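*Asks:* First, the structure itself, so that you have it in front of you.
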């Protein structure tokens, strides 16, 4: 099989396409592409991730590179920071992020610590294919080879987070924080960073469970029932929910209300501009909120809209020295840090927001609505059979291109964007987007409008055009 890196790395079903043989081929291709230098090797808490990471390190060392192999499961952004801190050539992280438990994968990060741009991914895939076509086999060093060094990356990352946000102020604030770790590699980080003082930390699902308790480790309401119930019962100020590799975040307020990722992005803009006093451009993916545009206009900031995925967001952030970048799946990156998602830092920014303002999160949400206007949002995930995904994807996208709607739910189309699926911006400012997932066999349909009823109408109308049934709300 050809190893392809999608929106955020190569992912496959363990034992099917994600095998030791294919992991070794991928690692050898990465080594061939890089040629020399030091490569950071990290991994998450999925089944056998540490064993796959050891194989990656052995292949890198066997091809003449130095491998810095983490001594424990860590969030993806910790590996990204280590690349920058150690001036390494790149990082390979064994993770499938928020995918279902049957998946694992590899993420590659270049020397910037950011997602790899498309042209670099193309070169990696060519190098991997060349290794697969060769007859010499994959070279591997012995496990104890001197070119493989073990590293605890946490101290350096903790220092960097402390430069980004006042950890001691959060620790002294007396807030009651819940960290829903979703059995992921972010477990323990919030407690270590801001615990040990008046602030109370309650951890949920901090133990390793490669099955993730039967839910996908993605911080969306359907997967956060225990955290939502705990917050709804009262007594806590904020829940920070991190995904399988802790680069994405979900937020729950003191009432047990899930703050959707579009609201999270808008609140982060307000926090960074109004509370922290920063001013710089904003980068957002095409499935991100119109609230960002309204806030940017209010603050006099530029907004750059790019295709989905940090392989598009990160280069633009670096090019314009952006204040922050964000995508609908809960990934946010910040100026002065690495150009990569950091769910832990985003969550701590919310704790700092509460500590500095003395307000409840529900109050901040109300203020946001008054400033940026009403916003309702929903996403439908349509799961397709893996063996027919490519065919169905072509059919659905082709049908939408052929029919080229001039109105959706009775509202005229003001503009169409086709560089990542089909996004229709309507004359009332609302939008609806249909695209194929780059990491799972899914067709996703998104919409944002002023009311939930308007969102539902737009989703249903676009789904009817392409014949999608059995909608699953995310």
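The values are calculated or read from the model by the stated rules, or taken from the named source; none is laboratory data. Keep in mind it's a predicted model, so treat the numbers as computed, not measured. Ideal geometry is used to build each Cβ from the backbone, glycine not excepted, and the neighbour counts take in all protein chains shown.
*Asks:* Would a scan of the range 151-174 turn up a residue that is part of a loop (DSSP other than H, G, I, E, B), closer than 26 Å to residue 234 by Cβ and in contact with a helix residue (DSSP H, G or I) (Cβ under 6 Å, 6 or more places away or on another chain)?
*Replies:* Scanning the range 151-174, I find at least one residue that is part of a loop (DSSP other than H, G, I, E, B), closer than 26 Å to residue 234 by Cβ and in contact with a helix residue (DSSP H, G or I) (Cβ under 6 Å, 6 or more places away or on another chain), so the answer is yes.
*Asks:* Ok, one more. What strands (runs of 3 or more DSSP E) lie completely within the range 291-362 and have 3 or more residues being touching a strand residue (DSSP E or B) at 6+ places or on another chain (Cβ under 7 Å) and surrounded by fewer than 24 Cβ atoms within 10 Å (Cβ to Cβ)?
*Replies:* Correct list: 303-306.
*Asks:* Does at least one position in the range 29-48 carry a residue that is assigned to a helix (DSSP H, G or I) and over 22 Å from residue 147 (Cβ atoms)? Steps first, answer last, please.
*Replies:* So the first thing to find is which residues in the range 29-48 are assigned to a helix (DSSP H, G or I), and the list is 29-34.
Filter once more, so that each one left must be over 22 Å from residue 147 (Cβ atoms): none.
Scanning the range 29-48, I find no residue that is assigned to a helix (DSSP H, G or I) and over 22 Å from residue 147 (Cβ atoms), so the answer is no.
*Asks:* Condition first: buried (at least 19 other Cβ atoms within 10 Å of the Cβ), assigned to a helix (DSSP H, G or I), over 15 Å from the mean Cα position of the chain (by Cα) and not assigned by TED's automatic domain parsing to the domain that holds residue 44. Can you find one or more residues in the range 247-258 that meet it?
*Replies:* No, the range 247-258 has no match at all.
*Asks:* Next question. Condition first: more than 27 Å from residue 182 (Cβ to Cβ) and surrounded by fewer than 24 Cβ atoms within 10 Å (Cβ to Cβ). Can you find one or more residues in the range 261-272 that meet it?
*Replies:* No, the range 261-272 contains no residue that is more than 27 Å from residue 182 (Cβ to Cβ) and surrounded by fewer than 24 Cβ atoms within 10 Å (Cβ to Cβ).
*Asks:* Can you tell me which of 142, 125 is buried (at least 18 other Cβ atoms within 10 Å of the Cβ) and either more than 22 Å from the chain's Cα centre (by Cα) or touching a residue at least 60 places away in the same chain (Cβ under 8 Å) (or both)? Show your work before the answer.
*Replies:* Working: 142 fails: buried (at least 18 other Cβ atoms within 10 Å of the Cβ).
Sole residue among the options that is buried (at least 18 other Cβ atoms within 10 Å of the Cβ) and either more than 22 Å from the chain's Cα centre (by Cα) or touching a residue at least 60 places away in the same chain (Cβ under 8 Å) (or both): 125.
*Asks:* Right, here's the next one. Residues of the range 58-93 being assigned to a strand (DSSP E or B) and either touching a residue at least 60 places away in the same chain (Cβ under 8 Å) or out of contact with any strand residue (DSSP E or B) (no Cβ under 7 Å at 6 or more places or on another chain) (or both), which ones? Before you say what the answer is, go through the steps one by one.
*Replies:* Just the residues of the range 58-93 that are assigned to a strand (DSSP E or B), to begin with: 66-70, 90-93.
Residues satisfying the conditions are 66, 67, 68, 69, 70, 90, 92, 93.
*Asks:* Here's another thing I want to ask about it. Could you list all residues from the range 403-447 that are within 20 Å of the chain's Cα centre (by Cα), touching a residue at least 60 places away in the same chain (Cβ under 8 Å) and in a strand (DSSP E or B)?
*Replies:* Answer for the range 403-447, where residues must be within 20 Å of the chain's Cα centre (by Cα), touching a residue at least 60 places away in the same chain (Cβ under 8 Å) and in a strand (DSSP E or B): 433, 435, 442, 443, 444, 445, 446, 447.
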